[in-house]
Amino acid sequence: QVRLVESGGGLVQPGGSLTLSCAVSGSLFGSRTMAWYRQAPGKQRELVATITSGGSTNYADSVKGRFTISRDNAKNTAYLQMNSLKPEDTAVYYCRSTYGITLDNWGQGTQVTVSS
């Protein structure tokens, strides 16, 4: 059974930085596509960034140049480095792991609050 556990959320001032981690249990981590989503109160969940098994990355326009997604296959962990944070980045951030069309797993989410 695959389990995803996010960590690293918290309260940060505008302009600050946070790094989220997503630890994945189970096999095939190196073959999975990893993604970060976020959901702000009253809004739909949105895709923030993805990284494929080959290391290709993609970002939402709203975070390009500020956020960086990465992965460490030796540690079965994906990361989201968030810089120059804005109040509009406030949301619950979720990690997602997919492999083909048969495996699709989500974490429980971690709260990020950007406020002075």
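Side notes on the structure shown:
- Region 95-116, subset of a type in the set (Ser, Thr, Tyr) and touching an Asp or Glu at 6+ places or on another chain (Cβ under 7 Å), residue farthest from VAL63 (Cα to Cα): THR98
- Residue satisfying condition, being open to solvent by 20 Å² or more (accessible area, probe 1.4 Å), out of contact with any helix residue (DSSP H, G or I) (no Cβ under 8 Å at 6 or more places or on another chain), among the β-branched types (Val, Ile, Thr) and farther than 23 Å from GLN1 by Cβ, within set THR57, THR33: THR57
Let's see how each residue does on (1) outside any loop (DSSP other than H, G, I, E, B); (2) among the aliphatic types (A, V, I, L, M):
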residue	(1), (2)
ALA49	yes, yes
GLY55	no, no
ASN58	yes, no
SER62	no, no
THR68	yes, no
LEU80	yes, yes
SER84	no, no
TYR94	yes, no
ASN105	yes, no
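- Residues within region 82-114 that are open to solvent by 60 Å² or more (accessible area, probe 1.4 Å) and either under 17 Å from VAL12 (Cβ atoms) or without any contact (Cβ under 8 Å) to a residue 12 or more places away in the chain (or both), tallied: 9
- Count - residues of region 36-45 that are loosely packed, with under 14 Cβ neighbours inside 10 Å and of a type in the set (D, E, K, R): 1
- Residue within region 52-63 that is of a type in the set (S, T, N, Q) and in contact (Cβ under 8 Å) with a residue 60 or more places away in the chain present: no
- For region 12-40, the tally of residues that are closer than 20 Å to ASN73 by Cα and in a loop (DSSP other than H, G, I, E, B) stands at 5.
- Of all the listed residues (LEU4, LEU47, LEU11), the sole one being hydrophobic (A, V, I, L, M, F, W, C) and either within 15 Å of GLN111 (Cβ to Cβ) or in contact with a Leu (Cβ under 7 Å, 6 or more places away or on another chain) (or both) is LEU11.
The values are calculated or read from the model by the stated rules, or taken from the named source; none is laboratory data. Here the structure is a predicted model, which is why all the values come from computation and not from measurement. Cβ sites come from the backbone with ideal geometry, for glycine too, and all protein chains shown count toward neighbours. Surface accessibility is based on the protein's heavy atoms, side chains included, excluding ligands, DNA and RNA. Shrake-Rupley method; radii C 1.70, N 1.55, O 1.52, S 1.80 Å.
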